[in-house]
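First up is the structure itself, then whatever we jot down about it.
Since every read-out is calculated from the coordinates, none of them should be taken as a lab result. The structure displayed is predicted, hence computed values, not measured ones. Don't worry about glycine lacking a Cβ; one is built from the backbone with ideal geometry, like all the others, and counts go over all protein chains shown.
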Amino acid sequence: MTFKLHHDLRKAFDRLLYANSCKLAASVFDPMSVCMAENLGFEVAILGGSVASLQMLGALDISLMSLSELAEQACRVGREAQIPVIADADHGYGNALNVMRTVVELQNAGVAALTLEDTHLPAQYNERSPVLITFEETVKKIHAARAARSDDALTIIARTNAVITFLNECVARTAAYQKAGADAICFVCIALKLIGASIGDMLF
């Protein structure tokens with residue numbers, strides 16, 4: 001697939017992002033599944049870390065998969081995708097410099113968007129809940145991601161687990177990620193609609 005088609009899919013994702021409706025993303029893991037998603041009428045798909053790890057390694061989502069393996073699978077999916085695909089880039093596979101390479105590899109694979117999370121990975125043995133990195137480090141990663149993309153239509157999604165902390169902490173992180181230039185925010189583990197509404201009210 002050509003750069004122009006990848007760019008067009010990224011612009012299509014941008015339109016979905018700003019539409020006044022919610023879209024359910026199909027979970028895909030290989031070329032056949034993304035074709036099936038399109039045939040079933042999905043407008044967007046996601047290559048999640050858990051399913052990619054199962055497909056590539058037969059392993060659980062415990063940070064065993066490398067960036068190269070994820071990018072390889074994303075490239076296979078990207079060659080066949082006729083709908084925008086979001087890639088789960090975990091924590092960017094390291095520090096801000098690693099994030100830059102992650103963005104380049106996934107952009108070349110043809111994804112429309114990628115998520116970067118503020119979780120410390122790999123998790124330590126017997127951790128019962130995610131451990132967050134500092135929001136200052138996450139901000140640096142977002143800056144690095146923006147600097148690394150050569151197509152401004154590639155969407156950088158900051159994914160935060162901060163809802164496991166206090167609401168004020170979650171709002172502060174979200175505001176910092178927005179200011180750093182994240183194109184969208186993904187909240188993990190919001191169990192109640194009221195919490196999401198509260199975050200929105202405090203931000204806007």
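Summary of values
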quantity	calculated
Calculated FRET efficiency for the pair Asn168/Val188, C-beta based, R₀ 22 Å, to 0.05	0.80
Dipole magnitude of segment 3-203, debye to nearest 20 (Cβ charges: Lys/Arg +1, Asp/Glu -1, about Cα centre)	340 debye
Over 22 Å [Cα-Cα, the chain], rounded percent	47 percent
Computed E for Leu60/Ser27 - FRET, C-beta separation, R0 22 angstrom, nearest 0.05	0.90
Proxy reagent accessibility, fewest Cβ within 10 Å first, across Tyr18, Tyr177, Tyr93	Tyr18, Tyr93, Tyr177
Ranking of Phe166, Phe42, Phe29 by count of other Cβ atoms within 10 Å, fewest first	Phe166, Phe42, Phe29
Between 0 and 90°, nearest 10: helix 3-17 axis offset from the chain longest Cα axis	40 degrees
Relative exposure of Val163, Val103, judged by other C-beta atoms within 10 Å (fewest first)	Val163, Val103
Distant-in-sequence amide H partners of Thr119 (H built 1.01 Å from N, under 5 Å)	Ile133
Fully extended contour minus Cα-Cα distance, from Asp152 to Asn20, at 0.36 nm per residue	45.3 nm
28 Å Cα-Cα reach of Lys23 towards lysines, excluding residues that sit fewer than 8 places from it in its own chain	Lys4, Lys11, Lys141, Lys179, Lys193
Computed over segment 46-126, Cα set: Rg, Dmax in Å	12.1, 41
